[in-house]
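Asker: Quick one: the structure is below, and I'll ask about it shortly.
The values are calculated or read from the model by the stated rules, or taken from the named source; none is laboratory data. Worth saying up front: this structure is predicted, and the values here are computed from it rather than measured. Counting neighbours? That spans all protein chains shown, and the Cβs are built from the backbone with ideal geometry, glycine included.
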């Protein structure tokens, strides 16, 4: 939704709907004030001002309890603002545009065959995430391009297939090789010093007439 602005910055509100589980697992800690939407007539909007709970959209200022009309193309619906988000992954701020992420409750009865739905899947055992993804691809008969991962979490758990993991292992292998080579050099140097010392000792004994038997 594009909100008319008198300045050079265009202001947008991008609205996304989540089901109850997704809200509780993904967004519960992101509420700055109020609460999460509990039905498809409620909305929560992010504010880009960390010191304020007000939502400033161009000349309009919204607070919890206010009505907000969302319009996009032929779609138009009035929502009640019930919550303010600290931020959302949809937020964007630049000189030319400002995007506020907004969320509402997903009413599955309103979904159509043309609806775009993202599904979030969590694994009890994180190391099985890629096996689960393969099962989803086969079951739903979809392309692997339609699946994305929480790379930050996977990298932290060292189960990611990303370049970060490969680089991490490369650094680890390099360090191990350095330690092995350094240990070999240290052992070789120590033995060489010991052998040279014994050679000098044997040479001294031979010089005073000692034989091999003695």
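Asker: Pick from 21, 25, 86, 41: which is modelled with pLDDT under 85 and surrounded by 14 or more Cβ atoms within 10 Å (Cβ to Cβ)?
Answerer: Within the list 21, 25, 86, 41, the selection yields 86.
Asker: While we're on this one: For region 89-113: of the residues being out of contact with any strand residue (DSSP E or B) (no Cβ under 8 Å at 6 or more places or on another chain) and not in a loop (DSSP other than H, G, I, E, B), which is modelled with the highest pLDDT?
Answerer: 108
Asker: What is the one condition in (1) more than 20 Å from the chain's Cα centre (by Cα); (2) at pLDDT below 80 that residue 120 does not satisfy?
Answerer: (1)
Asker: Of all residues in region 123-144 being surrounded by 11 or more Cβ atoms within 10 Å (Cβ to Cβ) and outside any helix (DSSP H, G or I), which is modelled with the lowest pLDDT?
Answerer: Here the answer is 123.
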